[in-house]
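Every number in this text was worked out from the coordinates using simple rules, so none of it is lab data. Keep in mind that what you see is a predicted model, and the values were worked out from it rather than measured. When we count neighbours, we look across all protein chains shown, and the Cβ atoms used for this are built from the backbone with ideal geometry, even at glycine.
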Amino acid sequence: MSISSVRMARWSVWRSPVVLPLSRMEVPMTGARHSSTMPVARQTYSDSSSFVRSFNDIPGLWKNGVANLYNFWKLDGFRNLHHIMVQNFNTFGPIYREKIGYYESVNIINPEDAAILFKAEGHYPKRLKVEAWTSYRDYRNRKYGVLLKNGEEWRCNRVLLNKEVISPKVLENFVPLLDEVGNDFVVRVHKKIARSGQNKWTTDLSQELFKYALESVSSVLYGERLGLFLDYIDPEAQHFIDCISLMFKTTSPMLYIPPALLRKVGAKVWRDHVEAWDGIFNQADRCIQNIYRRLRQETGPSKKYPGVLASLLLRDKLSIEDIKASITELMAGGVDTTSITLLWTLYELARHPNLQEELRAEVAAARS
Ligand code: HEM
């Protein structure tokens, strides 16, 4: 799936050479249950005393990017990325280096190794550069948000955003908004089941969860419901969803083929990518205008939480362009991550009814 490949790539790319301790011992994972279609990486033990290899000694397929791109294409890599990665981990060990097209990465599977890396990064972690996304911003002369910024500028924006997005105090504001969206989703599911006349609802759940995640994240960020659970979807909201889907879809090929090249030859994928981001940024512009209109109309202080975007505008600590850039990235970062994780969670719960019951009991106990 194109969307998940972007996310997996997030974990996997470090452009500057990194030297990491390599775990040496590999043993098969025992007692793990898995279906025949699920790829499983053999469990490995990290041993902090193991020696450090130089960048060029990291095993993997990184000598011929073009040949690797051809093989990736032959294996239908965009759809099979997870299988290919697991196979590579099983072949090369828990840390392997790879070059597909122009895209170079060091892939790590053990959480312990990831922790070592994150600790070593210090105050200015090197962020993944999604070339397609930075190319669009350079092309349109737009600012980078926290996902794409680096160094001091990243830190400064991030510290301000932390207060508005992840501090426990503000999370309280999000709960009623997310609760409303969650309840509406459940109502929609029941309605669909009732309407089917067969006491069940057969659907493409990934699409439904994509809408659920987008509705949730929009509600928190923009303080506005998009109305994605309605039978009639507002054409502007529909255009916004189409743009997000198109943005993810067109990102995948540009992870491996340089956007600058695609732009030069006027490739459709690049033109579609630009059109998609234009639509996404237009939505942010529309929301900002609505917020200003709302603020002008309000006489006294409003009791209702207005959403992250309005809060940032009211705080006036970041420039409007910086706010727009980070809000757009928060939106782009919050949709596929949540929906795909939920999809897998539901799949696993469906396969393990006893766990489902346990979880239900835990939720019920917490609510009572
Ligand atoms: C299960 C859900 C999620 C997963 C698995 C996930 C995964 C990730 C990963 C792997 C990174 C990169 C970390 C790094 O480079 O060190 C990241 C960064 C980021 N994510 Fe998420 N994410 C999730 C949910 C969300 C949500 C809900 C939002 C927004 C509402 C979001 C917004 C962002 C942003 C803005 C960044 C960049 C942060 C920075 O560089 O300062 N993510 N996420």
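In degrees from 0 to 90, rounded to the nearest 10, what is the angle of the helix 131-140 Cα long axis to the longest principal axis of the chain? On a 0 to 90 degree scale, this one is about 50. Partners of residue 63 within straight-line reach, counting aspartates and glutamates whose Cα lies under 18 Å from its Cα and excluding those fewer than 8 residues away in the same chain: 98, 104. GNM on the chain, C-alpha springs below 10 Å: top fluctuator among 283, 356, 207? Taking springs between Cα atoms under 10 Å, the residue moving most is 356. For the chain, a Gaussian network of Cα nodes joined below 10 Å ranks 171, 81, 226 by mean-square fluctuation, and the top entry is 171. Modelled label positions at residue 347 and residue 172, each set 7 Å beyond Cα in the direction of Cβ, lie 3.9 nm from each other. Set the Förster radius R0 to 22 Å, insert the Cβ-Cβ distance between residue 67 and residue 272 as r into 1/(1 + (r/R0)^6), and round the FRET efficiency to 0.05. Plugging the Cβ-Cβ distance into 1/(1 + (r/R0)^6) gives 0.20. A viscosity of 0.890 mPa s and a temperature of 25 °C, combined with the Kirkwood radius over Cα pairs in Stokes-Einstein, give a translational diffusion coefficient for the stretch 182-299 of 147 µm²/s.
Over 21 Å between Cα atoms: which of 74/249; 143/268; 163/304; 163/317; 211/249 fall into that group? Flagged as over cut-off: 143/268.
Here's the list of lysines a cross-link from residue 303 could span, going by alpha-carbon distance under 16 Å and ignoring same-chain residues fewer than 8 apart: 169.
With all projection directions averaged, the alpha carbon convex hull of the stretch 151-367 covers 16.1 nm². In terms of packing, defined here as the mean over residues of other Cβ atoms within 10 angstrom, the peptides 273-281, 54-62, 229-237 line up highest first as 273-281, 54-62, 229-237.
Distance between the modelled labels on residue 317 and residue 207, one decimal in nanometres: 4.2 nm (7 Å Cα→Cβ projection).
What FRET efficiency would be calculated for the residue pair residue 141, residue 194, taking the C-beta separation as r and a Förster radius of 45 Å, to the nearest 0.05? Efficiency, rounded to the nearest 0.05: 0.30. What translational D, rounded to a whole number of µm²/s, comes out for the chain from Stokes-Einstein when the hydrodynamic radius is the Kirkwood one over Cα pairs, at 37 °C and 0.692 mPa s? Stokes-Einstein gives a translational diffusion coefficient of 143 µm²/s. Dividing the summed -39500 (n - 2.57) terms of all DSSP H runs of n ≥ 4 by the residue count of the chain sets its mean residue ellipticity at 222 nm at -21000 deg cm²/dmol.
In this label model, residue 75 and residue 162 are separated by 3.8 nm, measuring between points 7 Å along each Cα→Cβ vector. The residue list 251, 302, 276 was ranked by how far each Cα lies along the charge dipole of the stretch 226-344 toward its positive end, using unit charges on Cβ atoms, and 302 comes out on top. Coupling constants for the stretch 186-198 follow from the phi torsions by the Karplus curve (6.51 cos²θ - 1.76 cosθ + 1.60, θ = phi - 60°), and in residue order they are 5, 4, 4, 4, 4, 4, 5, 5, 5, 5, 5, x, 10 Hz; glycine and proline get x. Overall, the ratio between the Cα radius of gyration of the stretch 65-121 and 2.2 N^0.38 Å, rounded to two decimals, is 1.23. The distance separating the Cα centre of the stretch 118-148 from that of the stretch 213-240 comes to 27 Å. Multiplying the residue separation of residue 303 and residue 53 by 0.36 nm and removing their Cα-Cα distance gives an extension gain of 84.3 nm. In this structure, residue 239 and residue 289 have a Cβ-Cβ separation that, at R0 = 25 Å, corresponds to a calculated FRET efficiency of about 0.95.
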